[in-house]
Amino acid sequence: MKIPYYPGCTLKSTAKNFEDTTRAVSDVLGIELLELPRWNCCGTVYSLSSDDLMHQLAPIRNLIRVQEMGYDRVTTLCSMCYNTLEQANQLVKSDPEKLEKMNSFMDTEEDYRGEVEVIHYLSLLRDTVGFGELPVKIPLTGLKVVPYYGCLLLRPEEVSIDNPEKPTILTELLTALGAEVVDHPYKIECCGSYHTVDYKDVVCEKTYSILTSAQKRGADAVVLSCPLCEFNLDFRQKDVERELAPMPIFYFSQLLALALGISEDFGFDQHYVDPEPLLKKKGLLR
């Protein structure tokens, strides 16, 4: 199966381990990720102003790239990129006048026809591959994890990849991999997002609440899909001033690669809290 793939900026820098493990997984599953040519930053967050069309040009340009490739769907990994692309896509699909105006702005591009479907990679795994069909070689037996969704996979409801109040997609994936999933009340709470730049103390409090909740419920680690959430929950642990036991944070693709028996580099050296001691203790790594 071939599908266009939008990486976004962070997947080429601080979240390179997210992309690398996903590509390794895709090779095993027979998914050929076709990186968009001439892709640009999605704009990072969707503009909340209803008349702000200028900031929708960046995501729509990327959908034009998909169209130019002759495909009608695209997948992405980053929760923020998914949210931004899909919200902009729904905007122009529901408002022909706005689409016409945006196409006129981009007079050197071919017109976007509003026919591309944006699919998060988790949805691709669930709906196209099937979690039950994953060729698991190393079940994650004994590993207790909490799924963490954050905001942008689930809100607003129109772009949610799952039930926005009671999501299960990560639980279903991790259960299929043999892990023990621990539910917790903070799985859809915001991590503090970009406040990590100007209000670090706010993010540290969020990090403390989310991780201590997981630890009190017996979890060994947190699993997520957002590079900013990963930074806030992983690297901000060093800035939490209250007592907090170190807790590994995984991208879902890293545990998926491990469970599929992929022996390539998992990128654990890019984490603040090293996950290797935990995985070795559980007998999942040598």
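A few notes on this one:
- Solvent-accessible surface of the stretch 53-187, averaged per residue with a 1.4 angstrom probe and all protein chains in place: 43 square angstrom.
- Hits among lysines - C-alpha to C-alpha of Lys101 under 26 Å, sequence gap 8 or more where chains match: Lys93
- Distant-in-sequence amide contacts of Ile119, defined by a placed amide H-H separation under 5 Å and a gap of 5 or more residues or a different chain, comprise Val74, Thr75, Thr76.
- Where [x] 40; [y] 45; [z] 33 are the candidate values, the label of the one calculated here for percent of Cα pairs over 29 Å apart is [z].
- Distant-in-sequence amide H partners of Leu34 (H built 1.01 Å from N, under 5 Å): Ile3, Tyr5
- Of Phe250, Phe235, the order by accessible heavy-atom surface (1.4 Å probe, DNA, RNA and ligands excluded), from most exposed downward, is Phe235, Phe250.
- Above-threshold pairs, the threshold being 18 Å between Cα atoms, out of Lys16/Lys238; Lys137/Lys282; Lys238/Lys280; Lys144/Lys281; Lys144/Lys216: Lys16/Lys238; Lys238/Lys280
- Note on His184: accessible area approximately 10 square angstrom, rounded to 10, probe 1.4 Å, nucleic acids and ligands left out.
- Expressed as a whole percent, the accessible surface of the stretch 41-155 that belongs to carbon and sulfur atoms is 49, based on a 1.4 Å probe.
- Euclidean distance of C-alpha centroids, the stretch 56-92 and the stretch 177-230, integer Å: 27 Å
- Cβ charges +1 (Lys, Arg) and -1 (Asp, Glu), total dipole of the chain, debye: 960 debye
- Toward the positive end of the charge dipole of the chain, with +1 on the Cβ of Lys and Arg and -1 on the Cβ of Asp and Glu, the farthest Cα among Ile119, Pro7, Thr212 is that of Thr212.
- The chain: relative contact order in percent, alpha carbon pairs under 8 Å with at least 6 residues between: 19 percent
- Over the stretch 205-284, relative contact order from alpha-carbon pairs under 8 Å, at least 6 apart, %: 31 percent
- Relative contact order (%) - criterion: Cα under 8 Å, at least six apart; region: the stretch 121-224: 35 percent
The values are calculated or read from the model by the stated rules, or taken from the named source; none is laboratory data. Here the structure is a predicted model, which is why all the values come from computation and not from measurement. Here Cβ is always computed from backbone atoms with ideal geometry, including for glycine, and neighbour counts include all displayed protein chains. In case anyone asks, the SASA skips ligands and DNA or RNA and just uses the protein heavy atoms, side chains included. Shrake-Rupley method; radii C 1.70, N 1.55, O 1.52, S 1.80 Å.
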